[in-house]
1. Out of C:62, C:51, C:45, C:67, I need the residue that is modelled with pLDDT under 95, over 16 Å from residue C:155 (Cβ atoms) and either away from chain B (no Cβ under 14 Å) or crowded, with 24+ Cβ neighbours inside 10 Å (or both). Which one?
2. When the residues of segment C:99-112 are filtered to those that are over 12 Å from residue C:56 (Cα atoms) and free of Cβ contacts under 8 Å to residues at least 24 places away in the same chain, which remaining residue is farthest from the other protein chains (Cβ to nearest Cβ)?
3. How many of the residues making up segment B:35-54 are surrounded by fewer than 22 Cβ atoms within 10 Å (Cβ to Cβ) and touching a residue at least 24 places away in the same chain (Cβ under 8 Å)?
4. Inside segment A:41-81, can you point out the residues that are touching a residue at least 40 places away in the same chain (Cβ under 8 Å) and assigned to a strand (DSSP E or B)?
5. Every residue in segment B:118-136 that is out of contact with any helix residue (DSSP H, G or I) (no Cβ under 9 Å at 6 or more places or on another chain) and either assigned to a loop (DSSP other than H, G, I, E, B) or in contact (Cβ under 8 Å) with a residue 12 or more places away in the chain (or both), please.
6. For segment C:113-162, how many residues meet the condition of being assigned to a helix (DSSP H, G or I), within 14 Å of chain B (Cβ to nearest Cβ) and on the phi < 0 side of the Ramachandran plot?
7. Exactly one of (1) part of a helix (DSSP H, G or I); (2) crowded, with 24+ Cβ neighbours inside 10 Å; (3) within 14 Å of chain B (Cβ to nearest Cβ) is unmet by residue C:96. Its number?
8. So, residue C:189, is that one touching a helix residue (DSSP H, G or I) at 6+ places or on another chain (Cβ under 9 Å), assigned to a helix (DSSP H, G or I), within 14 Å of chain B (Cβ to nearest Cβ) and touching a residue at least 24 places away in the same chain (Cβ under 8 Å) or not?
């Protein structure tokens, strides 16, 4: 198997004396859909925030393509190919749908101040290229018809896809998706399901935090289960599903024992 | 040494006024997230109304009472006619509205009063009292004592009365307060009224020492704002501490460095503090949640 | 579409710029129009910082003051040519912004407001207090601008000069808006964290626009000094900072045309109100309140919303 593109080694962090994450490690490879699951408060989003550089861990390391990138600021991580979406949407609401995705192209644009101020032909050319690429990505997530609408006018499920398009605009090697299907209906969930699989097929390592177990079991190549900030289990969907500890954490002890007894 | 003590006295006196202005900022901020730049005008009204009522023959205590009533009414009017109609506007808009209110109040005061500096007699005579080799004006004691009484009364009100608890609940969580049936609009109106009263009292107490004119409000508001920020905005204890610290630093700087740049102290201090502690001295450090 | 908003802004401004000298009856009115162009230049710069990037500055008049005093103090104390002095003012203003920008722009909301406010007041205090250097509260004379032997004088001349400089400022601002940096600024206005994740260096972007806004203000200050041939510390005081912010907000945050409209209103109105001299402040305050309550999104975006969407948006 190829070497992991994104890796966490023994990561831990505390908030006001509470150990939110303790000694968590994982590794995901290109083309993989790596899911992180666990009950509410298990530390999934905290792990995301550490990996994407928003929080600095008290212990442990984060490696991107084999290099130590622990606590590198998010914009530098993005430049090295790591992008993410947010559980609570972070949309540029004052911009149009298209402009939101154009912002995602930032890293691939020439950003010289003087050419921009003088509106040199190169800047105009680049604007056109950025706009065209953004339209392609909107088509990819099925939002091309809404390109010129204000982002605030989109329904919730569409905003989730808009965030994915914006993240893809940066051409990431690693894409962290924080609950992309939360609050979406069955049809929307299926669309996102298909999107994630396609993205992974194109060679991106997708790291997914998701509550929708059906979605997770269907598309994941690997699953990491967190509980109370620690690793509870890790393995393929089949292995995780068969793990009594995981069933217990999700359904409570009694249900687990019952399942064990009957199964 | 006695010179230092002298500076401490005058610093605490001015600092007490800053503390009261900062307290007014804090009250309103906690009830609404509004930074009320008209706060300094309440202090101005306290002094000016007393001056002119007294000059018209009204006995001093009654003139002072009138000034408080005017300031409270002004505070309520600012809330009712400027803040309430702009409910839901963003922070910058609200700041500009209160600055507009401040300019309006000053403009009206200019029409009603004049542009001169005024004072009225100190409450207990003008003869300084000698303390440990330094001298202190009896009026300074009035300012410090008055400020202490106001802070204590406000504290009792917040801790012991139902209305006070409603104010604190609103400060802690506005939505939750509304859900349990607290009229948050009333609470905000109350905050404006009380801030008006506190400001006016500060103006009345300090006018015999510092004099007053229609233009004193702006700088007082800015320094009170700096004091509130120094203490970490929204924290009443921090506001009082911030005010006193600012007053002391100002007096010491005026005494030992340069009296020209006395007014600069507040702003140098606040910028320096914010560079080191972006949340103020006693502000809560928040973890960004995404 | 933003492209058409860009053209609308340029066209409307050019039309007003060309037509006003024909419509205005006296040199007094031309002088007022010149003041509008000057204030608008500062407001257009501030709009980049406030409207585009969403960063408040309550001390922008400080940078304006640096530009204004540069053209007074450069010739007097250093023997510099007024034009060179103005240039020095721009550099000084930009350097100050560069120096204090990074720590100040880390702050958010009210903390940013109080820090910028403090910065502005400090500049004003220096200008007001260093009597030997600046003339103190009474102000100081500015020598006449001489360009390659041409003595710049007359209301109409200054009208064209300041308007042309504003046109350049507007063009640069509109260009910036439609560039990667412009998009980055609008993005961080809405969500800093999403901007950072998209690869935007938020600290640097804010710093660049802060320095630009400072230079716009300083240039406006220099023009005012040269035009009035006299400056007082009032150009740098808190009230002027508030006026600049109000211009941006009542015109419509994020709208370059709005910044010009806001500057026009706040400059023309006090001139009109001198008739009611005593009421000037009261009316100004009342007007600010009413605008903020009833036209919260600003005049230009408010009016644009009434037009068919394709025209201006």
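1. C:51
2. C:99
3. Residues in segment B:35-54 being surrounded by fewer than 22 Cβ atoms within 10 Å (Cβ to Cβ) and touching a residue at least 24 places away in the same chain (Cβ under 8 Å): 2 in total.
4. A:59, A:60, A:61, A:62, A:63, A:64
5. Result: no residue meets the conditions.
6. Matching residues across segment C:113-162 total 22.
7. Result: residue C:96 passes all but (2).
8. Criteria met by residue C:189.
The values are calculated or read from the model by the stated rules, or taken from the named source; none is laboratory data. Model, not experiment: these values are computed from the prediction. As a convention, Cβ positions derive from the backbone with ideal geometry for all residues, glycine included, and neighbour counts pool all protein chains shown.
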